[in-house]
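Quick notes on the structure that follows.
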Amino acid sequence: MSEKNYEALKLENQMCFPLYAAARKVTSAYTPILKPLGMTYTQYIVFLVLWESDQISVGELCEKLYLDSGTITPLLKKMEEKGWLTRTRSKKDERVVMIKLTKVGKDMQAKCAHIPSEMSSCLTLSKQEAQALYSALYKILDMNM
């Protein structure tokens, strides 16, 4: 086989790599902001969902965050240990676990209010570039793969 057949296998020709590297870079930028709050990035995105939709099922949370229950369950357990939320079995269906913020969890919202503006100041994208990227990323997330 000639070299040309392997052109597609170069790292520079992979769409997945800049997506992966950019995601890691952005996520790591959250660390110094979240660490003083005793929070990880994944806990932060769980909070973002719960501040909008308190008292949802683990399954609904997994769908919103594009994560599986094997990833979410230990995370929720740690958040419960910190007193941020409670997990209870649904009375309608005991297989369903419901998540509800505690007062401490609700109060974390005020402590995190500065984070979006602090993070947006780190990005060197114009408003139009940021909106285009946001749309493109959700287009990828909504693909059936």
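In this structure, does LYS106 turn out to be open to solvent by 90 Å² or more (accessible area, probe 1.4 Å) and touching a residue at least 24 places away in the same chain (Cβ under 8 Å)? When the stated conditions are applied, LYS106 passes them.
Where helices (runs of 4 or more DSSP H) sit wholly within the stretch 35-141, those with at least 1 residues that are of a type in the set (Val, Ile, Thr), on the phi < 0 side of the Ramachandran plot and under 16 Å from the mean Cα position of the chain (by Cα) occupy 41-52, 58-65, 69-81, 115-120, 127-141. Flag set for CYS122, criterion: more than 21 Å from GLY59 (Cβ to Cβ), touching a helix residue (DSSP H, G or I) at 6+ places or on another chain (Cβ under 6 Å) and either surrounded by 13 or more Cβ atoms within 10 Å (Cβ to Cβ) or not basic (Lys, Arg) (or both). Here GLU94, GLU7 are screened, and the one residue that is at pLDDT below 90, touching a helix residue (DSSP H, G or I) at 6+ places or on another chain (Cβ under 7 Å) and charged (D, E, K, R) is GLU7. Return the only residue of MET39, MET15, MET79, MET98 being hydrophobic (A, V, I, L, M, F, W, C), more than 22 Å from ALA113 (Cβ to Cβ) and open to solvent by less than 70 Å² (accessible area, probe 1.4 Å). Being hydrophobic (A, V, I, L, M, F, W, C), more than 22 Å from ALA113 (Cβ to Cβ) and open to solvent by less than 70 Å² (accessible area, probe 1.4 Å) holds for just one of MET39, MET15, MET79, MET98, which is MET98.
The values are calculated or read from the model by the stated rules, or taken from the named source; none is laboratory data. All figures in this text were calculated on a predicted structure; none of them were measured in a lab. Here the Cβ is made from the backbone with ideal geometry for all residues, glycine too, and neighbour counts use every protein chain on show. Please note that ligands, DNA and RNA were not included when accessible areas were found on the heavy atoms of the full protein model with its side chains. Shrake-Rupley method; radii C 1.70, N 1.55, O 1.52, S 1.80 Å.
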